[in-house]
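Worksheet: one structure, shown below.
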Protein chains: 2
Amino acid sequence: MPKNITKVVLSDDEIPRQWYNLAADLPTPMQPPLGPDGNPISPDMLAPVFPMNLIEQEVSSQRWIDIPEEILEILYRWRPSPLYRAKALEKAIGTPARIYYKNEGVSPAGSHKPNTAVAQAWYNKQFGIKRICTETGAGQWGSALAFSCALLGLECKVFMVRISFDQKPFRKLMMQTWGANCVASPSTETNAGRNILKESPDTPGSLGIAISEAIEAAVSDTSGKSRYSLGSVLNHVLLHQTIIGLEAKKQLEVFGEKKVDVVIGCAGGGSNFAGLAFPFVADKINGANIDIIPVEPASCPTLTKGPFAYDFGDVASTTPLLPMHTLGHAFIPEPIHAGGLRYHGMAPLVSQAVVEGLLSPRSYRQNDCYEAALLFARTEGFIPAPETSHAIKCAIDEAVKAKEEGKEKVIIFNWSGHGLMDLVGYDKYMSGQLVDHELSDADMQKSLKAIANLPKAKAVKSGRW
Amino acid sequence: MPKNITKVVLSDDEIPRQWYNLAADLPTPMQPPLGPDGNPISPDMLAPVFPMNLIEQEVSSQRWIDIPEEILEILYRWRPSPLYRAKALEKAIGTPARIYYKNEGVSPAGSHKPNTAVAQAWYNKQFGIKRICTETGAGQWGSALAFSCALLGLECKVFMVRISFDQKPFRKLMMQTWGANCVASPSTETNAGRNILKESPDTPGSLGIAISEAIEAAVSDTSGKSRYSLGSVLNHVLLHQTIIGLEAKKQLEVFGEKKVDVVIGCAGGGSNFAGLAFPFVADKINGANIDIIPVEPASCPTLTKGPFAYDFGDVASTTPLLPMHTLGHAFIPEPIHAGGLRYHGMAPLVSQAVVEGLLSPRSYRQNDCYEAALLFARTEGFIPAPETSHAIKCAIDEAVKAKEEGKEKVIIFNWSGHGLMDLVGYDKYMSGQLVDHELSDADMQKSLKAIANLPKAKAVKSGRW
């Protein structure tokens, strides 16, 4: 019998001391990133962009990687994060299922993003780097990196998509409060930005442009003391997030749970999903019977509709080619409120796990997700981020299914962040102004033309599942 | 030797199960609230406004009052709240002092306010009440009550000062997300509101007007199922907050601290200060040598400049007369960003403790407080509310003093809430646009004329300190 308690907190000394690397356990080895010539990228070709210690993590096939003590010292500010039993939500649904959620909204930046931002900033500092450049859309990643750089005494330069910079000033103010230098992108500070401003001075900007500017700002620093940082998608980013799932497993034990049936996370680039899910994927590889569900918006259905293919990580085609589920690098998703889920591709590790049949992706429309978020806020109390609402919708659906089947299932999802900086979407939903989007097959096929002539990824499946 | 750890979390079963009532231990008995005729108010005269079970708490002299299990069930969502050692801040100051802070920003509403909002909503529900009416300025209290009513299935009606309603829409959206009915005050829903709108249709509103509307809305409900709720000042509100200090004492023990030297909280109506401080005031009454410091803005120096006198709790003179430090009920503080500290009076229990010599109030200017808040955000990581920054400034000053004296002092303060909904003040401070205010003696004397003809409070001091 599980204990009838509301939450499990762990003390500092119970924090996991190693990250889990799924690449070590995937039945099929990961396919390498490719250069524009179609040949594999070697680690040293990435050296102008990332510090070598993070590149080593990116290509590592070691199962467990030690977390340096100084990183833990910073993570202790909000980790181990609490694991909750959603008793009030269960009661509202009338389900025999037990629903658990991991609250990543307790970090100073309000989401799971600082788990990797702190680690990346620390490795950069170890490597002698003084300044980190990055891009941000609505600002969740930029604020997490600004926070991390402040605590580690690094300079932080953030190129923020202009329309968010102008219309959503609050995360910009968070970044500035933490001492970061945040400018609207396109900016006059890079060739990439100046060229675009010359052609379209009134452009609202895009994540693709901002990535180009951030990379240029990093590699063009002649002191050699600048590097670029990415908040999702890459292997080392997902690695740093696995502390979420490793903590959750210890906490489920304290709750008295012997077995988990369903694991859920929303998936944009894939890092918060992977953070909770990968330690459970390891169990599944070892034979456990678990449904593991990445949830995405119907308007950006990368895993549920997009093919597995080599594609660029950015709109401007400046990154290496990555083997992943993708809607085509030129795909511009509709302006849904879950800005963190508007990405054309998906982390290669998550994509490969889908190819292997280890994951069961699902997509939802945003109105349904807001309905779920509202039920959550009015029962459990915490107001979720629009991204997080996708995981909540799925958890509720699974709990309803358990009710219909009369099964006492154990469901866990990643509550990836709070929605206090994103209340405008709630306002639109409550006043009935929210538009639903679903990507049509025709529009997807159009968007996929951009990758027709790129090298092909092999959808290798070991067939063990 | 204290342990070198970053924070102490307690599990659900370590939560305090009783509130502490300072009224039981104050050397001089509290003076009663008075009616407009100068005669003491009896408990039943308050019955149309508050439910009788809360009135009983208001007048109780029992030292310990049990916390009902169902209230704990809700508090577990964020309580026990973590106690932090501010190691990075200590290092930045270079102090031998150990600085601790209690993080009340982890509640769903982001501040300490839900500690009493949940309790008040629960007691109202027990008494058969269906609808709670309240007022709110910037929205911190209104959102805490909306959250609590949502979880307990009560209707919540919030009159929000019009200028905040229009200019600061985000806490209004929080309230609506939790299902509350939030209207701008003055509104057309009450006589008080309609009368004011007739005279000045463009009024920005005030807390005084909003209080009048909320009380009218409660007492004029002919079903008898509505009551009014207040977020600070009153004895039962402070009582519910003492869980903060009771937890902190347990946590300091886990840190290995045997003795506390300085206890600090910002003070507007007095509830977050009292919440941390009153359990330590009990120790001081029993002979412990502790500096206990309520911190207020220099522009609203109720405790540091205002006399101890009988005064109304609201601008419109509708409440009973309370014995308290006050600047006069007609006092309108300058528009500083710490909206929660802009109150003309102070909780009678805090005021009486000052009269008794148990507390050492202090005031600061807002630019100094923002400087302190920025240092905190860039070392400890969490962005504090403008109110909280007053406690931080005082803690830093005390740590600097300990450095100068070469003393290994133990300092604890209440980190009453996060500043994520209040970033505009940081923007103004960082861009050098923030104006400092300090109340002049002449302006105070002018404001105090309003209370010249009210009954006098006796500044009775037992003389034991």
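The values are calculated or read from the model by the stated rules, or taken from the named source; none is laboratory data. A quick note: this is a predicted structure, and the numbers were derived from the prediction, not measured. So basically every Cβ, Gly included, is an ideal-geometry build from the backbone, and we count neighbours across all protein chains shown. For the accessible areas, the whole protein counts, side chains as well, though only heavy atoms, and no ligand, DNA or RNA atoms are used. Shrake-Rupley method; radii C 1.70, N 1.55, O 1.52, S 1.80 Å.
Some values worked out for this structure:
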read-out: Helices (runs of 4 or more DSSP H) fully within region A:51-110 counting 1 or more residues that are within 14 Å of another protein chain (Cβ to nearest Cβ); value: A:69-75, A:87-93
read-out: Of all residues making up region A:366-375, the number that are more than 10 Å from chain B (Cβ to nearest Cβ), open to solvent by less than 20 Å² (accessible area, probe 1.4 Å) and within 17 Å of residue B:77 (Cβ to Cβ); value: 0
read-out: Count of residues meeting criterion [loosely packed, with under 14 Cβ neighbours inside 10 Å and in a loop (DSSP other than H, G, I, E, B)] in region B:22-34; value: 1
read-out: Those helices (runs of 4 or more DSSP H) lying entirely in region A:138-177 with at least 3 residues within 13 Å of chain B (Cβ to nearest Cβ); value: A:140-152, A:169-177
read-out: Residues within region B:178-196 that are of a type outside the set (Ser, Thr, Tyr), more than 23 Å from residue B:337 (Cα to Cα) and crowded, with 18+ Cβ neighbours inside 10 Å, tallied; value: 6
read-out: Boolean, residue B:125 is away from every other protein chain (no Cβ under 14 Å), in contact with a Leu (Cβ under 9 Å, 6 or more places away or on another chain), within 21 Å of residue B:75 (Cβ to Cβ) and open to solvent by 10 Å² or more (accessible area, probe 1.4 Å); value: yes
read-out: Some residue of region A:380-400 being open to solvent by 60 Å² or more (accessible area, probe 1.4 Å) and in contact (Cβ under 8 Å) with a residue 24 or more places away in the chain; value: no
read-out: Some residue of region B:213-228 being more than 29 Å from residue B:388 (Cα to Cα), assigned to a strand (DSSP E or B) and open to solvent by less than 10 Å² (accessible area, probe 1.4 Å); value: yes
read-out: Test: residue A:341 is closer than 28 Å to residue A:213 by Cβ and of a type outside the set (S, T, N, Q); value: yes
read-out: Residue B:134 buried (at least 24 other Cβ atoms within 10 Å of the Cβ), of a type in the set (Ser, Thr, Tyr) and part of a helix (DSSP H, G or I); value: no
read-out: Test: residue in region B:406-427 that is touching a residue at least 12 places away in the same chain (Cβ under 8 Å), part of a helix (DSSP H, G or I) and crowded, with 24+ Cβ neighbours inside 10 Å; value: yes
read-out: Residue A:44 out of contact with any Asp or Glu (no Cβ under 9 Å at 6 or more places or on another chain), open to solvent by 30 Å² or more (accessible area, probe 1.4 Å) and not in a loop (DSSP other than H, G, I, E, B); value: yes
read-out: Residues satisfying the stated conditions in region B:137-177, i.e. at pLDDT 95 or above, touching a Ser or Thr at 6+ places or on another chain (Cβ under 9 Å), open to solvent by 20 Å² or more (accessible area, probe 1.4 Å) and among the small types (Gly, Ala, Ser); value: B:150
read-out: Filter pass, residue B:249 being at pLDDT 95 or above, part of a loop (DSSP other than H, G, I, E, B) and surrounded by fewer than 24 Cβ atoms within 10 Å (Cβ to Cβ); value: no
read-out: From the options B:88, B:92, B:109, residue that is touching a residue at least 60 places away in the same chain (Cβ under 8 Å) and surrounded by 24 or more Cβ atoms within 10 Å (Cβ to Cβ); value: B:109
